[in-house]
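Visitor: Below are the structure tokens for one structure; questions will follow.
The values are calculated or read from the model by the stated rules, or taken from the named source; none is laboratory data. Note that this is a predicted model, so its numbers are computed, not measured. Positions of Cβ are backbone-derived with ideal geometry, glycine not excepted, and every protein chain shown enters the neighbour counts.
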Amino acid sequence: MPISDELAALRSHRNQIHRYRRLLKTQLADHERQYFERRLSEERRAFEALAAAAFPLAFEIPHASAGAGPAPPG
């Protein structure tokens, strides 16, 4: 998927998340509240999965090899 499509999908999920948050601040019937809470959770998961796939971060901790680095005090 091209990056522009990924960004558009992220924006769409973000907008839906904001929408569901706004709706949850209003007076709702129990079944409506449950529906919006479920949808909010689904949108968050979709956003996080897409963000992780689109922008993976890999951190590598360098390993000290034997004999490298400063000598121990002594």
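Visitor: Can you pull out every residue in the range 24-47 that is within 20 Å of Ala9 (Cα to Cα) and either hydrophobic (A, V, I, L, M, F, W, C) or touching a Lys or Arg at 6+ places or on another chain (Cβ under 8 Å) (or both)? Show your work before the answer.
Guide: Of the range 24-47, the ones within 20 Å of Ala9 (Cα to Cα) are 36, 38-47.
If the condition is that a residue be within 20 Å of Ala9 (Cα to Cα) and either hydrophobic (A, V, I, L, M, F, W, C) or touching a Lys or Arg at 6+ places or on another chain (Cβ under 8 Å) (or both), then Phe36, Leu40, Ala46, Phe47 are the ones that fit.
Visitor: Quick one: Arg11 ticks every box in (1) loosely packed, with under 14 Cβ neighbours inside 10 Å; (2) modelled with pLDDT under 95; (3) not β-branched (Val, Ile, Thr) except a single one, so which number is it?
Guide: For Arg11, the exception is condition (2).
Visitor: For the range 19-74, which residues satisfy the criterion of being charged (D, E, K, R), modelled with pLDDT of 95 or more and assigned to a loop (DSSP other than H, G, I, E, B)? Break it down stepwise before answering.
Guide: Here is the first cut: in the range 19-74, the residues charged (D, E, K, R) are 19, 21-22, 25, 30, 32-33, 37-39, 42-45, 48, 60.
Now restrict to residues that are modelled with pLDDT of 95 or more: 19, 21-22, 25, 30, 32-33, 37-39, 42-45.
Hit for the range 19-74 is Lys25, nothing else.
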